[in-house]
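First comes the structure, then the notes that go with it.
What follows draws every value from the coordinates through simple rules; no lab data is involved. What you see is a predicted model, and the numbers here were worked out from it, not measured in a lab. Ideal geometry is used to build each Cβ from the backbone, glycine not excepted, and the neighbour counts take in all protein chains shown.
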Amino acid sequence: MRLRFGDYTHASQECSLVIGKQAVFSPRGHRLLTRETWQITGVLHAPDPAGLTLEIARLRQAYAGSAAVAGLFLDDGQTPTDHVLRAADTLGGIRVQRLEFPLGSGGEYSTYRNYRVILEADFPESQPLLWDHVE
């Protein structure tokens, strides 16, 4: 499996993906949308700190903007699995909430670097509902 965000494809088996879905309700109790949150954790590898610096820069650049598609794809890189976000199906696109490097001890940044990315997307319900009304 390969994780892809836009044109950026993570190395095979580089990262793990945890997906959560949460219903969002209006003040009147109507279900408005489903918010899907992806937590990606992984480890970048390179032969030396200079190579690792380049890999980190590529990761930062990839997640600095938005993407039309994010998801898990089979090893051919083209065949999607069930876990794919398409910006066209969302309200507001696929949002990068966070890119961080959560560990800094030991041999971190010698030949490897741990990272975490949080993505979020909102999917509308089939029937648009009034959020709230005040006269």
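Structure summary
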| item | result |
| --- | --- |
| Length-normalised contact order for the range 1-71 - Cα pairs under 8 Å, 6+ apart - percent | 37 |
| The chain - percent relative contact order, Cα under 8 Å, separation 6 or more | 30 |
| Per-residue [θ]222 nm for the chain (sum of -39500 (n - 2.57) over DSSP H runs n ≥ 4, rounded to 500) | -3500 deg cm²/dmol |
| Rg in Å to one decimal, and Dmax rounded to a whole Å, for the chain via C-alpha atoms | 17.7, 65 |
| C-alpha long axis of helix 49-62 to longest principal axis of the chain, angle in ° | 20 |
| Whole-number percent relative contact order across the range 37-103, with pairs defined as alpha carbons under 8 Å at least 6 apart | 24 |
| Positive-end residue, the range 50-131 charge dipole about Cα centroid, Cβ charges, pick of Leu119, Leu103, Ala70 | Leu103 |
